[in-house]
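Here's the structure we're looking at; comments come further down.
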Amino acid sequence: MTIVKQVLGHHVSFGGERHSGWLPQGAAMPKPTPVNDVALDITIESDGAGYLLCWVSSDRTVAGDLWYQTLADAERAAAEDFGIAATQRQTAG
């Protein structure tokens, strides 16, 4: 895998979602999910057939990846999912 773009130490908050599903009559409203503030290292990597948007927190408690057919799609997902502006992405190398 070749790192094409990266942003290191990008701060993101996960959680804080309010309950949105059905509850039985008289049930207590669940509390929002806990908020977890983390610093992520985010990379876009080429696997030769497409691009992986990868992320991992500095403490390794949060990690994941998603595959995209084009670099533009991976960059768009980084912007939508993590709030990364084009000016923040560093070309690796």
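Which net charge results when you count Lys and Arg as +1 and Asp and Glu as -1 among the other residues whose beta-carbon is under 11 Å from that of VAL38?
That sum, taken over residues with Cβ under 11 Å, equals -2.
What distance in nm separates the simple spin-label points at LEU66 and ASP41, each placed 7 Å from Cα in the Cβ direction?
2.2 nm
To the nearest 20 debye, what is the magnitude of the charge dipole of the chain about its Cα centre, counting +1 on the Cβ of each Lys and Arg and -1 on the Cβ of each Asp and Glu? Walk me through the intermediate numbers first.
Numbers: 6 positive and 11 negative charges, 50 e Å.
That gives the chain a dipole magnitude of about 240 debye.
Each label point is 7 Å from the Cα along the Cα-to-Cβ direction; what then is the distance between the points at LEU23 and ALA77, in nm?
If labels sit at LEU23 and ALA77, their model points lie 3.4 nm apart.
Rank ALA77, ALA39, ALA28 by mean-square fluctuation in a GNM of the chain with C-alpha springs under 10 angstrom and give only the top-ranked residue.
Among ALA77, ALA39, ALA28, the largest GNM mean-square fluctuation belongs to ALA28.
Can you pull the Rg over Rh of the chain, Cα-only, Kirkwood? Don't skip to the answer; put the middle values down first.
Values: Rg = 16.6 Å, Rh = 14.8 Å.
With Rg and the Kirkwood Rh in hand, the quotient comes to 1.12.
No lab work stands behind these numbers, since they all come straight from the coordinates. For clarity, every value in this text was computed on a predicted model and none was experimentally measured. We place every Cβ from the backbone using ideal geometry, glycine too, and count neighbours over all the protein chains shown.
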